[in-house]
Amino acid sequence: MNSDQKALVTATVSTLKAHGVALTTHFYRRMFEHNPELKNVFNMSNQQNGKQQMALAIAVLAYAENIEDPSVLVHAVTKIGHKHVSLDIRPEHYAIVGRHLIASIGEVLGEAATPALLEAWATAYGELAGLMSGLESGLYQHAANQEGGWTGWRPFAVKQKVAESDEITSFYLYPTDGGKVADYQPGQYVSLRLFLPELNLFQPRQYSLSSAPNGEYYRISVKKEAGSPTPDGLISNRLHDFVAEGGIVELAAPAGDFTLDTSKQTPVVLVSGGVGQTPLLSMLDYLMSTGSPREVVWVHGSRDTQVHAFRETVTQLAGHHENMQQHIFYDTLAPGLEQEGYHAGFVDLNKLNGGTLMPEADYYVCGPAPFIRKQVQDLAALGVPRAAIHFEEFGPATLSV
């Protein structure tokens, strides 16, 4: 891009702040009208609840604000690249999206969308698409080259379903071809795809891998959403209610950049709320199964014991690992739980600062967006460096902390 084009893109920042969601809403409506096949790629529940429109508006605004130096967005671009690979997004999809995005800018802005402005945005998008395609090409190559690896969608059989709590069930998934499965970094996820006859669509969802890699199967642990069927639980509830042992699902290869740094020997503090513990369980399982000497602190919040999944599993691990401690927060403590390590109320890291939280540790946080925001802010107030705080937001990236 030349300097004049960058200036034109920068000049749209105020408009994007005021009308970004209107633009992205128009864009998605236009794209699905002209290319309905892409409904098989996108999470249509996030279209209904507006999360995807908001996430794209945030991303477009960030790109416009940093058009002079897009390198500051490398973390966000990497995260999006992993998500795209997990959905089997290919370069040809970028051409379709670009065509509808530029057309939408013209249609929403009207007379303000001069030919020079549209050309500037087309150039900016082209550069971003090239960057993303290059990144994703490397991720695809890595996925295909390792033992048990693949790209695209691969059928898996549900060999076992295990109820972990009143809400969460684990699914043990084995490839139907009898082959190996690729290893992954603790904390990564897989995309799972089901065909929904009532929509006549395939629909993908991402689920964190909840155990250490083993080369033979993947385990995901899925929360059933109340009020079935709900848009947010469309696939999760179907897994619970209609996919029995022996059923077939399709998976994309593991992806994601919220991963345990296995090269370090520093302490690890794992902080989760509800089903947000699933990627952290993979990290914990890895640390325990490899005999890591690292100090581990497990902090988890749940409503009560009935919905608290993996309670006994984590307690057993803590009992057998001298360098591990755990702290559990329940909305209300049931009789018999007034003991060390159990706390009433929302997860509050300030209650644990008597030597439990270590400045030299790495902190991994996962849960609902308000949960993440509070924990990250509390950690920062406690003096933890921002570079030592890692978090994962389930769904479209709308969180900024």
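The values are calculated or read from the model by the stated rules, or taken from the named source; none is laboratory data. Keep in mind that what you see is a predicted model, and the values were worked out from it rather than measured. Cβ placement follows ideal geometry from the backbone for every residue including glycine, while neighbour counts extend to all protein chains displayed.
Output the qualifying pairs, or none if there are none: Cβ atoms under 8 angstrom, residues six or more apart or on different chains, first residue in region 305-327 and in contact (Cβ under 8 Å) with a residue 60 or more places away in the chain, second residue among the acidic types (D, E).
Between residues of region 305-327 that are in contact (Cβ under 8 Å) with a residue 60 or more places away in the chain and residues that are among the acidic types (D, E), the close pairs are Q306/D166; V307/D166; V307/E167; A309/E164; A309/E167; F310/E164.
Go through region 57-84 and count every residue that is in contact (Cβ under 8 Å) with a residue 40 or more places away in the chain and more than 17 Å from the chain's Cα centre (by Cα).
Residues flagged as in contact (Cβ under 8 Å) with a residue 40 or more places away in the chain and more than 17 Å from the chain's Cα centre (by Cα) within region 57-84 amount to 9.
Please state which of the following conditions A143 fails to meet, knowing it meets all the rest: (1) out of contact with any Ser or Thr (no Cβ under 6 Å at 6 or more places or on another chain); (2) assigned to a helix (DSSP H, G or I); (3) of a type in the set (A, V, I, L, M); (4) at pLDDT 95 or above.
(1)
Return yes or no: is E33 part of a helix (DSSP H, G or I) and surrounded by fewer than 19 Cβ atoms within 10 Å (Cβ to Cβ)? It would help to see each step written out before you state the result.
Details: part of a helix (DSSP H, G or I): yes; surrounded by fewer than 19 Cβ atoms within 10 Å (Cβ to Cβ): yes.
The answer is yes for E33.
Of the conditions (1) part of a helix (DSSP H, G or I); (2) closer than 19 Å to F391 by Cα; (3) among the small types (G, A, S), S236 satisfies every one except a single condition; which number is it?
Condition not satisfied by S236: (2).
Test of understanding: among P335, P370, P293, which residue is closer than 23 Å to P213 by Cα and outside the structural domain of V222 (by TED's automatic domain parsing)?
Details: P335 fails: closer than 23 Å to P213 by Cα; P370 fails: closer than 23 Å to P213 by Cα.
Within the list P335, P370, P293, the selection yields P293.
Determine which single condition A18 fails, assuming it passes every other condition in (1) over 21 Å from Q206 (Cβ atoms); (2) crowded, with 18+ Cβ neighbours inside 10 Å; (3) of a type in the set (A, V, I, L, M, F, W, C).
(2)
Exactly one of these conditions fails for L128: (1) without any contact (Cβ under 8 Å) to a residue 40 or more places away in the chain; (2) assigned to a helix (DSSP H, G or I). Give me its number.
Of (1) without any contact (Cβ under 8 Å) to a residue 40 or more places away in the chain; (2) assigned to a helix (DSSP H, G or I), only one is false for L128: (1).
Check L135, L128 and return the single one that is within 30 Å of N214 (Cα to Cα) and hydrophobic (A, V, I, L, M, F, W, C). Step through it out loud before you land on a result.
Details: L128 fails: within 30 Å of N214 (Cα to Cα).
Criteria check complete, one pass: L135.
Here is a check on your reading of the model: is S282 on the phi < 0 side of the Ramachandran plot and not in a strand (DSSP E or B)? Break it down stepwise before answering.
Numbers: on the phi < 0 side of the Ramachandran plot: yes; not in a strand (DSSP E or B): yes.
Against the criterion (on the phi < 0 side of the Ramachandran plot and not in a strand (DSSP E or B)), S282 qualifies.
May I ask you to say which residue of M1, M31, M44 is within 21 Å of I80 (Cβ to Cβ), of a type outside the set (S, T, Y) and touching a strand residue (DSSP E or B) at 6+ places or on another chain (Cβ under 8 Å)? Working first, answer last.
Values: M1 fails: touching a strand residue (DSSP E or B) at 6+ places or on another chain (Cβ under 8 Å); M31 fails: touching a strand residue (DSSP E or B) at 6+ places or on another chain (Cβ under 8 Å).
After ruling out the rest, the residue left standing is M44.
Of all the strands (runs of 3 or more DSSP E) wholly in region 300-401, which have at least 1 residues that are out of contact with any helix residue (DSSP H, G or I) (no Cβ under 7 Å at 6 or more places or on another chain), aliphatic (A, V, I, L, M) and surrounded by fewer than 18 Cβ atoms within 10 Å (Cβ to Cβ)? Talk me through it step by step, then tell me what you get.
Working: elements: 324-330, 342-344, 362-366, 389-392.
In region 300-401, 342-344 are the strands (runs of 3 or more DSSP E) which contain 1 or more residues that are out of contact with any helix residue (DSSP H, G or I) (no Cβ under 7 Å at 6 or more places or on another chain), aliphatic (A, V, I, L, M) and surrounded by fewer than 18 Cβ atoms within 10 Å (Cβ to Cβ).
Quick check on V275: is it at pLDDT 95 or above, assigned by TED's automatic domain parsing to the domain that holds K224 and either buried (at least 20 other Cβ atoms within 10 Å of the Cβ) or not acidic (D, E) (or both)? Before the answer, list the steps.
Details: at pLDDT 95 or above: yes; assigned by TED's automatic domain parsing to the domain that holds K224: no; either buried (at least 20 other Cβ atoms within 10 Å of the Cβ) or not acidic (D, E) (or both): yes.
No; evaluated as a whole, the condition is false for this residue.
On the basis of being over 30 Å from V296 (Cα atoms), touching a Leu at 6+ places or on another chain (Cβ under 6 Å) and assigned to a strand (DSSP E or B), does V222 make the cut? Spell out how you get there, then give the answer.
Working: over 30 Å from V296 (Cα atoms): no; touching a Leu at 6+ places or on another chain (Cβ under 6 Å): yes; assigned to a strand (DSSP E or B): yes.
In short, no.
Would you mind stating whether G301 is under 20 Å from the mean Cα position of the chain (by Cα), on the phi > 0 side of the Ramachandran plot and touching a residue at least 40 places away in the same chain (Cβ under 8 Å)?
Numbers: under 20 Å from the mean Cα position of the chain (by Cα): yes; on the phi > 0 side of the Ramachandran plot: no; touching a residue at least 40 places away in the same chain (Cβ under 8 Å): yes.
So G301 does not fit the description; no.
Is it true that some residue in region 162-178 is at pLDDT 95 or above, surrounded by 14 or more Cβ atoms within 10 Å (Cβ to Cβ), in contact with a Ser or Thr (Cβ under 6 Å, 6 or more places away or on another chain) and of a type in the set (V, I, T)?
Among the residues of region 162-178, at least one is at pLDDT 95 or above, surrounded by 14 or more Cβ atoms within 10 Å (Cβ to Cβ), in contact with a Ser or Thr (Cβ under 6 Å, 6 or more places away or on another chain) and of a type in the set (V, I, T), which makes the answer yes.
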